[in-house]
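Encoded as structure tokens, the structure appears first; notes follow it.
The values are calculated or read from the model by the stated rules, or taken from the named source; none is laboratory data. The model shown is predicted, which means the values in this text are computed figures rather than measured ones. A quick note on method: Cβ atoms are made from the backbone with ideal geometry, for glycine too, and the neighbour counts reach across all protein chains shown.
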Amino acid sequence: MLRPERSLDSAEVGNILAIFDQRLNIYGLKEIPITYQQDLAGNQYFRLEFAGATKEEVTILLEKEGKFEAKILNETVIFGSDLMSVCITGTQCVARVDPRQSGDGIIWNFVFQIDINQEAAERFANATAALGIGECEATGCYLNATIDFYMDDEPIEGSQLRIAEDLKGEAVTSPTISGFRESKIEAEKEMRRMQATLQSGELPVKMEVVRIESISPKLGNEFVQNIFMVFITAIVAVDILIATRYKNFKIAIPIIIVSLAEIFITLGVAAAINWTLDLASIAGLMAAVGTGVNDQILITDEILRGGKIERERSIKRRISKAFFIIIAAFACTVATMIPLLFAGAGLLRGFAITTIIAVSVGIFITRPAFARILEHLLGKNY
């Protein structure tokens, strides 16, 4: 859960969502639900759910504004807006991680290429034109200043590069960024993070991670099993109560079938709109099952009131009376769920949306279908 340091307008919100999506995809985290939420107090949040990354990696990746600068003698020669492209893989450009001897050990050096516009290349040429020759080695001589890379006004560790003598006064449009880490895995992760941050662009505002919650794979697996068992237990318990109450399979079986159909239709709608079911959403689905069964019992009891002759004459009127109550309950449920869409920084958003979808499926599809089924089964033959 991230919070911007200032209030955002709709255009900035859309920009941030696009940047996050691009950063995470480049970093290797795809198909991640990223949602913008605003609570009742007006606080704005961005909520992300994903697997396969540590807290530290995600914090660094998402909190960074992405403000990039390259400086020579504290003079900025390349700004983030000057970037034309960032090399992600080394197929047609430079992007690699290599071991390098350092003292008694080995460090891993990463390097990747960026393409800049001509204006930035000219600034580089002007800044290096006045530099003198510094150190000379067997491989050649270097200028007496380095080019330093900064991200969010902080120097990138290990990214200080020497400038070869033959680049003096030259307008270079494809420079490379380099750095190092102690292990190959760390070097690859740092390179991917920098590539993702640079490629996606600069955030319009600094973000603060206000909360991180994690679930281990083992605990997550236990949650899934427990939820599944609770869900099945609830359905079975409801079915037993219905069968006990009516003592007639002609009534109990339609209620059970329609309840299951309502669950599957709700899941289908959630899949169609790409809504991810979290724990709150599953709780909302279970609550909707109870609401659906309650409405079906209401319809059934209205139809069964009175004797057979009276029921045949007034079955449509009784169904209409039941639907008046059901529609009123539906309106109240939706009205109750709407504040939950924004309360608690969106933590109850899944519960509210799933409940609204489920009760809407019931009022427009399964309740009318159930009423027609009972009208057919009980109108003349019960």
*Just to be sure, is Ala187 outside any helix (DSSP H, G or I), modelled with pLDDT of 80 or more and over 23 Å from Leu17 (Cα atoms)?*
no
*Under 9 Å by Cβ, and 6 or more places apart or on different chains, what pairs join a residue from the range 321-332 that is more than 17 Å from Val361 (Cβ to Cβ) with one that is surrounded by 13 or more Cβ atoms within 10 Å (Cβ to Cβ) and polar (S, T, N, Q)?*
Ala322/Thr300
*Selection from the range 78-131 of residues that are of a type in the set (Gly, Ala, Ser) and either assigned to a strand (DSSP E or B) or surrounded by fewer than 18 Cβ atoms within 10 Å (Cβ to Cβ) (or both)*: Gly80, Ser81, Ser85, Gly90, Ala95, Ser102, Gly103, Gly105, Ala125, Ala129, Ala130
*Of all residues in the range 124-146 being of a type in the set (Ser, Thr, Tyr) and within 17 Å of Glu170 (Cβ to Cβ), the one that is modelled with the highest pLDDT*: Thr128
*Mind checking whether some residue in the range 360-369 is surrounded by fewer than 19 Cβ atoms within 10 Å (Cβ to Cβ), aliphatic (A, V, I, L, M) and at pLDDT 75 or above?*
yes
_Restricting to the range 67-109, give me the number of residues that are of a type in the set (Lys, Arg) and touching a helix residue (DSSP H, G or I) at 6+ places or on another chain (Cβ under 8 Å)._
1
*asked:* Please pick out the residue among Ala271, Ala328 that is at pLDDT 80 or above and closer than 30 Å to Gln225 by Cβ.
replied: Ala271
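To keep it simple, each residue is scored yes or no on (1) over 26 Å from Ala328 (Cβ atoms); (2) among the small types (Gly, Ala, Ser).
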{"residue": "Lys250", "(1), (2)": "yes, no"}
{"residue": "Glu262", "(1), (2)": "no, no"}
{"residue": "Val269", "(1), (2)": "no, no"}
{"residue": "Trp275", "(1), (2)": "yes, no"}
{"residue": "Met286", "(1), (2)": "no, no"}
{"residue": "Gly292", "(1), (2)": "no, yes"}
*asked:* For the range 120-150, give me each residue that is in contact with a helix residue (DSSP H, G or I) (Cβ under 7 Å, 6 or more places away or on another chain) and not small (Gly, Ala, Ser).
replied: Thr128, Ile133, Cys141, Tyr142, Leu143
_Among the residues of the range 182-192, are any more than 22 Å from Glu119 (Cα to Cα) and free of Cβ contacts under 8 Å to residues at least 24 places away in the same chain?_
yes
*From the list Ser174, Ser214, which one is exposed (fewer than 15 other Cβ atoms within 10 Å of the Cβ), polar (S, T, N, Q), within 32 Å of the chain's Cα centre (by Cα) and assigned to a loop (DSSP other than H, G, I, E, B)?*
Ser214
